[in-house]
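Beneath this line is the structure, given in structure tokens, with notes to follow.
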Amino acid sequence: MATRLTVNQRTQDVEAAPDTPLLYVLINDLSLQGPRFGCGLAQCGACSVLVDGVETRSCVTPISRVEGKSITTLEGLPAWYAQQQKLAAVPELHPIQQAVIDEQALQCGYCYNGQMVKAAELLSKNQQPTDAAIRTAMNGHICRCGTYPRLMKAIKRAGLAMAGGAR
Amino acid sequence: MTESILPELPRREFLKAGGALIVGFAIAPTAFAQNPGQLTGANDGPAQPRADQLDTWIAIHADNTATIIHGHHELGQGISTTLLMIAAEELDMDMSQVQGMPLETGKSPNQGLTAASAGIARGGVRVRLAAADARQALLTLASTRLGAPVDRLTVSKGVVSVVGTPAKSVTYGELLGNKRFNVPFTGRAPIKDYRKHTIVGTRVPRRDVPAKAAGKYVYLQHVKVPGMLHGRIVRPRGQGSFLHGAKVMSVEASSISSIPGARVVRRGDFLGVVAPNEWDAVKAAQQLKVTWDMPAILPATPQALYDQMRAAKTVDRFVLDRGDCTAAFARAAYVASGRYDAPYQLHGPFAPNCAVADVTRDSALVYSSRQTIYGTRQVVCGVTGLPPEKVVVRFYETSPSYGRGCQEDCAMAAAVMSQEAGAPVRLQFMRWDEHGWDHYQQAHTADVKIGCDASGRIVAYEYHGWQHNFTSGDTTEIMIGTKKPGEGDGIRAQGPTLFNTGDQYTIANWRIVNHRVPGMNGYFKAAPLRSPMDIALSFAGEQTMDEVAFKASIDPYQFRRQNINGERWLGVLDAVARASRWSPRRASFISQTGRIRTGRGIALGTHLSSYGAAVAEIEVDTETGVVIAKRMFGSIDPGQVINPGVVEHQIESQMCVAASRMLKEEVTFSTTNVTSLDWGTYQPLRFGEAPDVTAVVVDRPNVPSSGAGEEALAAGAAAIANAFFDATGVRMHVFPLTPKRVLAALQTASA
């Protein structure tokens with residue numbers, strides 16, 4: 001049975017049972033690489049996507065629940081950012097992605113799908129978050145490599161870039 | 001991070017009442033910090049490139065670029081960048097002219113496990129020697145081409161020119177482009193003087209980061225092969241006693257008949273399900289009705305586990321017995337002693353393991369993230385019955401387990417499932433599979449005693465440690481019956497090492513005894529976890545060190561400083577003291593009241609080589625029992641630093657991991673099985689609890705590199721434990737320092 005999904009501003013029908021978690025459809029039917037399996041229990045954040053701009057755990061979200069909503073994955077963050085900021089052109093990377101590169105923040109990088117999706121959500125509402133605000137917002141995203149200190153720097157750097165265009 | 005680089009210790013054996021006692025003559029720990037540097041070590045097994053041929057390691061292309069063909073696995077530690085830096089430096093090429101190659105059996109040289117922080121220390125040496133050999137061979141060709149002797153030639157960015165006549169030049173690409181060297185790898189070409197390095201020692205950005213940030217990096221989890229089925233293993237939720245494993249009593253295949261295309265695969269006690277659709281496979285694994293035989297023979301509580309280890313009939317060995325501890329303690333002015341317990345801890349990679357296997361009647365292609373392609377090929381041969389030349393293993397990165405996690409098990413399981421299903425299978429472990437069937441870092445319990453004289457000079461150090469060995473045989477091969485559960489032996493008998501139980505200090509009377517517990521019955525599967533055993537050892541040893549300093553009324557930094565063993569330990573100790581603006585004082589709990597207490601702690605520690613130190617500043621909430629590591633300072637002296645940015649990042653992340661393991665992580669169990677099966681029941685450090693970290697790299701460019709992937713962990717963890725005493729005046733004798741445990745300790749102390 002077909003479900004109509006809008007992912008990264010593109011609408012398409014997918015053939016999957018309505019109880020299928022969105023994650024498996026994004027990976028297997030749409031061949032996306034951003035969202036990924038981490039726990040299947042909404043505990044770690046590996047699978048995070050934005051649903052109408054709100055960070056959502058796709059591993060426990062049935063596709064029937066997101067029909068008609070706008071889903072943004074890591075791949076779609078630059079375009080989502082351009083739309084929000086009313087930029088004339090879509091940048092190659094969202095500022096948080098650029099900041100992660102500039103700070104050499106990640107190690108294995110597997111959790112950074114969720115880390116960057118969540119940080120993008122935070123920065124869309126607050127471009128200069130305090131340390132405490134960052135810690136609160138990001139607390140549900142686990143990193144086993146232990147890169148939290150650098151990620152903190154990257155989020156602040158991205159916020160500055162968004163606020164002033166400077167890095 | 002898993003393999004011991006210790007040579008076999010010379011030993012003599014004699015019997016002592018109560019058990020076999022083996023006395024070891026310790027090799028001075030500093031000897032292990034030296035880089036072997038020799039060419040032997042890569043195995044020339046079947047169906048692998050010959051390690052003694054230069055073409056195995058380096059290819060020069062017509063466009064004047066080079067491919068460095070090494071056998072080390074990127075695990076997020078930056079090895080795919082740092083090895084290229086070493087090669088480019090030695091070849092006199094630019095970083096833009098060198099590239100790596102994906103790892104695959106039969107194509108990549110066999111450099112063994114990427115482990116024990118030895119990617120640079122061992123792998124780097126070989127790459128450096130190969131690059132030097134290649135440069136030498138290219139200069140010989142250039143000498144003929146340019147009509148000038150080799151000692152009149154100079155190289156820059158892969159362009160060889162004659163000194164004083166720069167117009168006479170030729171590129172590496174023109175000399176050899178796309179042709180083979182056809183020379184043996186001698187390892188004898190001259191190595192560049194470190195003072196002339198322009199790439200090594202600089203902050204070259206990591207190659208893997210941009211694609212990872214952009215979401216374009218291909219992890220193992222992204223690999224798909226045509227016609228593949230999705231697989232899930234079916235095991236009890238949480239392993240039981242290692243020897244007993246899990247026996248299938250009954251399986252009701254009809255319980256998944258409602259799921260389209262789903263079917264059971266079984267070989268012996270190994271069970272799984274496959275289905276064309278991934279969600280169907282997930283559902284089928286959950287729905288399949290299986291009865292397991294799981295005896296209730298595990299200890300009921302952590303305390304019972306430690307007591308069980310102490311009561312066991314152990315095999316005892318002196319790791320070291322120097323001087324006369326008994327006499328020295330008798331004349332010591334101050335003595336501190338105590339018992340310390342350490343839990344089983346989990347590898348718990350952020351991504352549960354995955355493997356893709358396509359096994360046919362006479363061949364196998366396996367995609368795995370285990371950090372040894374050749375080792376993986378060997379175990380795949382073991383479960384499939386195929387010879388090595390018929391099996392190809394390709395490495396793809398995933399979240400690292402920082403030790404021997406479930407990668408090997410997952411690769412074997414995928415191969416068995418593919419063979420049984422007659423189709424390629426992509427096997428994804430679920431979170432509970434990974435948490436429940438890991439090889440854990442084994443539990444440890446210790447008695448430590450340290451004495452000093454009236455001036456604060458250490459006179460004796462005695463450490464007794466109990467733990468079982470690493471286990472051998474992995475779950476899939478045991479379940480299908482090709483391997484029996486066993487234990488490691490010989491030098492791999494894991495236990496107290498010199499490195500974290502005294503090597504930091506000058507000690508005349510020093511005794512370390514390993515009480516090896518038989519670990520098959522009533523214990524779990526075990527394997528090295530990042531900085532194996534060291535957190536347990538330093539938690540015991542470095543807390544006792546602090547306690548004796550406190551008794552002698554000497555500041556713990558000053559106490560360590562006046563007893564320090566050599567300039568390298570001193571270098572890292574001073575580095576963290578300076579960074580944290582340490583000023584000597586009495587313990588801060590004496591003057592503190594109120595709900596939130598603050599404290600600071602310092603410690604030294606390492607793994608098998610290199611030198612680590614840390615300072616921790618913590619807060620203790622005396623009402624909730626919550627401990628937060630607010631700020632940490634870490635330092636590593638790994639000898640020559642290839643990329644200071646990468647080492648700094650390693651130190652920063654090790655401080656976070658130290659906080660996680662000291663404050664939160666503990667495998668829990670019932671009398672039948674492991675019960676910590678997700679991130680709710682096995683708590684990792686979260687962003688909100690992460691310390692601010694200052695990393696200090698101590699670079700010794702004229703000393704061989706000795707590794708930086710784990711050597712600050714032991715110090716970081718012990719510094720937190722010491723900070724807890726500084727804040728509260730209470731010693732914690734068991735970790736992790738969970739709220740419940742902290743409140744109980746505070747209440748006992750005040751009663």
Can you spot the lysines whose alpha carbon is less than 20 Å from B:K449's alpha carbon? Ignore those fewer than 8 places along the same chain. B:K551
Counting DSSP beta bridges with both ends in the protein assembly as shown, the antiparallel % (nearest 5): 75
Asserting the computed 222 nm helical MRE of chain B (DSSP H runs at least 4 long, -39500 (n - 2.57) per run, divided by residue count, to nearest 500) equals -8000 deg cm²/dmol
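Sort B:H439, B:H73 by Cβ crowding within 10 Å, fewest neighbours at the top.
Working: B:H439 28, B:H73 25.
The most exposed by this proxy come first: B:H73, B:H439.
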Amide H to amide H under 5 Å from B:E487: which residues, 5+ apart in sequence or cross-chain, H placed 1.01 Å off N in plane? B:S472
Extended-chain gain in nm, criterion 0.36 nm per residue less alpha-carbon gap, B:Q378 and B:T681: 105.6 nm
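Sorted from fewest to most neighbouring beta carbons within 10 Å, what does the list A:E15, A:E55, B:E104 look like? It would help to have the intermediate numbers written out before the result.
Details: A:E15 10, A:E55 20, B:E104 14.
Ordered by Cβ neighbours within 10 Å, fewest first: A:E15, B:E104, A:E55.
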Taking a ≥ b ≥ c as the square roots of the eigenvalues of the Cα gyration tensor of chain B, is the shape rounded (a/c under 1.5), prolate (a/b larger than b/c) or oblate? oblate
D (µm²/s, integer) via Stokes-Einstein for segment B:341-441, Kirkwood Rh across alpha-carbon pairs, 10 °C, 1.306 mPa s: value 117
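Per residue, what volume in Å³ does the convex hull of the Cα atoms of segment B:626-669 enclose? Don't skip to the answer; put the middle values down first.
Values: hull volume 3.8 nm³, N = 44.
Each residue corresponds to 85 Å³ of Cα convex hull volume.
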Ranked by GNM mean-square fluctuation in chain A (Cα springs under 10 Å), the top entry among A:A132, A:A119, A:A105 is A:A132
Candidates per trypsin sites (Lys or Arg not before Pro) in segment B:284-364, loop by DSSP, up to 15 other Cβ within 10 Å: B:K313, B:R331, B:R361
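If R₀ is 60 angstrom, what is the calculated FRET efficiency for the pair B:N182 and B:I297, using the beta carbon separation as r and rounding to 0.05?
The computed FRET efficiency comes out at 0.45.
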Between B:N178, B:G261, B:P166, whose Cα lies farthest towards the positive end of the dipole of segment B:163-290 when Lys and Arg beta carbons carry +1 and Asp and Glu beta carbons carry -1, centred on the Cα centre? B:P166
Could you work out the percent of alpha carbon pairs in segment B:389-455 separated by over 17 Å, rounded to a whole number? 61
For segment B:186-212 and segment B:365-409, what is the separation of their C-alpha centers, rounded to whole Å? 29
Using the Karplus equation 6.51 cos²θ - 1.76 cosθ + 1.60 (θ = phi - 60°), what ³J(HN,Hα) coupling, rounded to whole Hz, does each residue of segment B:524-540 give in order, writing x for Gly and Pro? 9, 4, 9, 7, x, 10, 1, 6, x, 6, 5, 5, 5, 5, 6, 4, 7
Once amide H atoms are placed 1.01 Å from N in the peptide plane, what residues at a sequence separation of 5 or more from B:S670, or on another chain, have their amide H within under 5 Å of its amide H? B:T675
Could you give me the percent of Cα pairs per 5 Å distance bin for segment B:298-364, shortest bin first, beginning at zero and ending with the bin that holds the maximum distance? 3, 8, 10, 11, 12, 13, 10, 8, 7, 7, 4, 3, 3, 2, 0
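Tell me which trypsin sites (Lys or Arg not before Pro) from segment A:12-104 have a DSSP coil assignment and no more than 11 other beta carbons within 10 Å of their own.
Details: sites: A:R36, A:R57, A:R65, A:K69, A:K86; in loops: A:R36, A:K69, A:K86.
Passing sites in segment A:12-104 are A:K86.
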Quick calc: nm separation of the 7 Å Cα→Cβ label points for B:T671 and B:R585 -> 5.1
For the protein assembly as shown, build the charge dipole from Cβ charges (+1 Lys, Arg; -1 Asp, Glu) around the Cα centre, then report which of B:N469, B:M533, B:A285 sits farthest towards its positive end. B:M533
Computed label-point distance, nm, for sites B:T748 and A:R65 using a 7 Å Cα→Cβ extension: 4.4
Residue with peak Gaussian network fluctuation, chain A [Cα springs, cutoff 10 Å], from A:L151, A:L26, A:L87: A:L87
With x for Gly and Pro, the residue-by-residue ³J(HN,Hα) of segment B:556-564, computed from phi through the Karplus equation 6.51 cos²θ - 1.76 cosθ + 1.60 at θ = phi - 60° and given in whole Hz, is x, 5, 5, 4, 5, 4, 6, 10, 5
Expected sort for B:T372, B:T672 with the fewest Cβ neighbours (10 Å cutoff) up front is B:T672, B:T372
What would the Debye equation give as log₁₀ I(q)/I(0) for segment A:1-111 at q = 0.12, 0.13, 0.14, 0.21 Å⁻¹, counting only Cα atoms as equal point scatterers? -0.42, -0.50, -0.57, -1.17
How far apart, in nm, are two points set 7 Å out from the Cα along the Cα-to-Cβ line at B:K216 and at B:K740? 4.9
Run down the lysines and flag those whose C-alpha is under 26 Å from the C-alpha of B:K179, throwing out any fewer than 8 positions away in its chain. B:K107, B:K157, B:K168, B:K192
In terms of the alpha carbon gyration tensor, root eigenvalues a ≥ b ≥ c, rounded if a/c is under 1.5 and otherwise prolate when a/b exceeds b/c or oblate, the protein assembly as shown is rounded
B:D489 to B:A304: FRET efficiency via 1/(1 + (r/R0)^6), r the Cβ-Cβ distance, R0 25 Å, to the nearest 0.05? 0.40
Checked segment A:33-167 with the C-alpha gyration tensor, a ≥ b ≥ c its square-rooted eigenvalues, rounded below a/c of 1.5, otherwise prolate if a/b is larger than b/c and oblate if not; verdict oblate
Roughly speaking, what is the centre-to-centre gap between segment B:440-492 and segment A:11-44 when only Cα atoms are used, to the nearest Å? 43
Amide H to amide H under 5 Å from B:F185: which residues, 5+ apart in sequence or cross-chain, H placed 1.01 Å off N in plane? B:Q53, B:L54
Among B:V200, B:H230, B:A132 - extreme Cα towards positive end, dipole of segment B:131-277, charges at beta-carbon: B:V200
Computed FRET value (nearest 0.05) for B:D151 with B:D94, which takes r as the C-beta separation and R₀ as 25 Å: 0.60
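With viscosity set to 1.306 mPa s at 10 °C, what whole-number translational diffusion coefficient in µm²/s follows for segment B:189-301 from Stokes-Einstein and a Kirkwood radius over Cα pairs?
On the way: Rh = 18.7 Å.
The diffusion coefficient I find is 85 µm²/s.
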Step through the residues of segment A:3-10 one at a time and calculate ³J(HN,Hα) from phi using the Karplus curve (6.51 cos²θ - 1.76 cosθ + 1.60, θ = phi - 60°), rounding each to whole Hz and writing x for Gly and Pro. 10, 8, 10, 10, 10, 6, 6, 10
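Using Cα-Cα distances under 8 Å and only pairs 6 or more residues apart, what relative contact order does segment B:623-751 have, in percent? Let's see the in-between values first.
Details: 196 pairs, mean separation 53.4, N = 129.
It comes to 41 percent, rounded to a whole number.
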Within segment B:560-594, whose backbone N sits under 13 Å from a point 7 Å along Cα→Cβ of B:E623? B:594
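Treating only the Cβ atoms of Lys and Arg (+1) and Asp and Glu (-1) as charged, compute the dipole magnitude of segment B:189-324 about its Cα centre; round to the nearest 20 debye.
On the way: 22 positive and 11 negative charges, 158 e Å.
Dipole magnitude for segment B:189-324 comes out near 760 debye.
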If each residue of separation counts as 0.36 nm, what is the full-extension length gain between B:Q53 and B:V703 once their alpha-carbon separation is subtracted? 231.2 nm
Rounded to the nearest Å, what's the spacing between the alpha carbon centres of segment B:87-141 and segment A:61-86? Just the number, please. 43
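The numbers here are math on the coordinates, done by the rules we state, and not lab data. Being a predicted model, the structure only gives us computed values, none of them experimental. Backbone-built Cβ (ideal geometry, glycine too); neighbour counts: all protein chains shown.
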